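Single-structure report; data block below.
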Amino acid sequence: MVERSRQWLPLAVALALNVNACSKPEPVGLHAEATRAPSSAAASASPTPPTAPGKRTSYLLSVDTHECALAIAVNDVPLIEYDAASPHSVGEVIDPWIQSGTNSVTVQAGPQKAGATEPCAQVAVLAIPEGGDQANAPRVAEKTVASTGGQTRATLAFVTAKSACELWAEAKRFDWNAEGQRELTELAQKAHRLFSQKQIAPLAELTDYRARDTARCLGRTPESGVADQRSFFAAITGAPDFSAIPWSDAGLVLEVVGNGRLVWMHRNDGKLLLQNGAGGGMDLYAARIQGSWRIVR
């Protein structure tokens with residue numbers, strides 16, 4: 001049964017999200033579709049309602065499915081995949097994937113289980129102002145996907161103010177060649193080795209950009225992100241019988257996403273890149289920052 005909401009990282013614990021046991025989607029081919037979004041999308045994108053000076057807006061992806069397969073990417077980064085076996089309802093904070101200006105949510109829906117009486121899915125992006133709540137938050141993009149026996153694709157667009165994330169200003173597009181693939185394979189191997197050996201301090205150093213920038217995206221201090229990430233690493237490696245899922249050269253997948261600015265480092269067997277025996281862990285994303293590869297998500 002496919003039921004993968006790739007809840008991106010443990011730093012969202014600060015927002016009362018339980019994401020310590022992460023899961024992931026399989027590649028669903030949505031990133032290519034996102035880059036082919038029609039040019040009219042920006043013109044029809046919904047602007048985020050203004051917030052009071054000094055206040056920040058958080059973005060929540062709200063998804064309800066009705067016995068319908070569904071895959072979703074935000075700005076060309078696959079985030080969610082469900083099958084049609086049962087209904088699902090999820091709300092996921094997507095701030096670390098939000099860029100300044102126009103953003104896109106690409107939906108691939110269907111097929112739906114035969115005999116279903118409700119629409120395949122409802123997808124919405126909520127703009128939650130600081131101090132506000134989900135129930136009253138405006139919907140800056142939404143789509144109801146009708147019942148279908150095949151597959152339907154749709155792109156939702158919305159406009160945001162300046163993102164607090166530094167990644168999207170610093171990450172550069174890159175030539176995807178053998179050298180880059182070799183360097184990223186070595187980076188993934190190093191991260192896995194440190195995780196397997198429970199070397200928390202060097203693993204935290206290797207993923208320092210990730211911790212600091214994601215905290216910025218969430219409106220928190222970079223230092224709090226570092227502390228939260230270290231706590232997460234300690235928690236998922238802390239069991240007396242801890243063992244990491246073994247490394248597999250053949251299982252590593254390096255997939256270019258994020259409209260050519262990120263590489264998703266994951267496995268081809270449904271497991272997470274860094275995963276303990278209980279299923280807790282994470283995949284990693286790398287970007288080219290100031291001439292070198294950095295783990296950024």
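A few remarks follow.
- Test for V253: is it buried (at least 16 other Cβ atoms within 10 Å of the Cβ), assigned by TED's automatic domain parsing to the domain that holds A191 and closer than 29 Å to A161 by Cα: no
- Any hit, the range 212-223, residues being in a loop (DSSP other than H, G, I, E, B), out of contact with any helix residue (DSSP H, G or I) (no Cβ under 9 Å at 6 or more places or on another chain) and either exposed (fewer than 14 other Cβ atoms within 10 Å of the Cβ) or not small (G, A, S) (or both): no
- Pairs linking a residue in the range 272-297 that is within 19 Å of D213 (Cα to Cα) to a residue that is among the hydroxyl-bearing types (S, T, Y) and at pLDDT 95 or above, with Cβ atoms under 6 Å and 6 or more positions apart or on different chains, are R294/Y209; I295/T207; V296/Y209; V296/Y285; R297/Y285.
- Filter result for Q108 (in contact (Cβ under 8 Å) with a residue 40 or more places away in the chain and either under 18 Å from the mean Cα position of the chain (by Cα) or surrounded by fewer than 18 Cβ atoms within 10 Å (Cβ to Cβ) (or both)): yes
- Residues that are over 13 Å from Y59 (Cβ atoms), among the acidic types (D, E) and either touching a residue at least 40 places away in the same chain (Cβ under 8 Å) or in contact with a strand residue (DSSP E or B) (Cβ under 8 Å, 6 or more places away or on another chain) (or both) within the range 111-141 comprise just one, E118.
- A search for C-beta distances below 7 Å between a residue of the range 243-256 that is within 13 Å of L274 (Cα to Cα) and any residue that is of a type in the set (G, A, S), counting only pairs 6+ apart in sequence or on different chains, returns S243/G277; A244/S196; L252/A188.
- Qualifying residue in the range 132-152 (condition: modelled with pLDDT of 90 or more and in contact with a Lys or Arg (Cβ under 8 Å, 6 or more places away or on another chain)): no
- Note on the range 64-92: residues that are in a strand (DSSP E or B) and either without any contact (Cβ under 8 Å) to a residue 24 or more places away in the chain or in contact with a Ser or Thr (Cβ under 6 Å, 6 or more places away or on another chain) (or both) total 7.
- Per the listing Q229, Q189, Q181, the residue uniquely free of Cβ contacts under 8 Å to residues at least 60 places away in the same chain and in the same structural domain as A278 (by TED's automatic domain parsing) is Q189.
- Those residues of the range 160-183 which are in contact with a helix residue (DSSP H, G or I) (Cβ under 8 Å, 6 or more places away or on another chain) and of a type in the set (A, V, I, L, M), in sequence order: A164, L167, A171
- Extreme residue, surrounded by the fewest Cβ atoms within 10 Å (Cβ to Cβ), among residues of the range 256-280 that are closer than 20 Å to I72 by Cα and of a type in the set (G, A, S): G270
- So L61, is it in contact with a helix residue (DSSP H, G or I) (Cβ under 8 Å, 6 or more places away or on another chain) and touching a residue at least 60 places away in the same chain (Cβ under 8 Å): no
The values are calculated or read from the model by the stated rules, or taken from the named source; none is laboratory data. Model, not experiment: these values are computed from the prediction. Cβ sites come from the backbone with ideal geometry, for glycine too, and all protein chains shown count toward neighbours.
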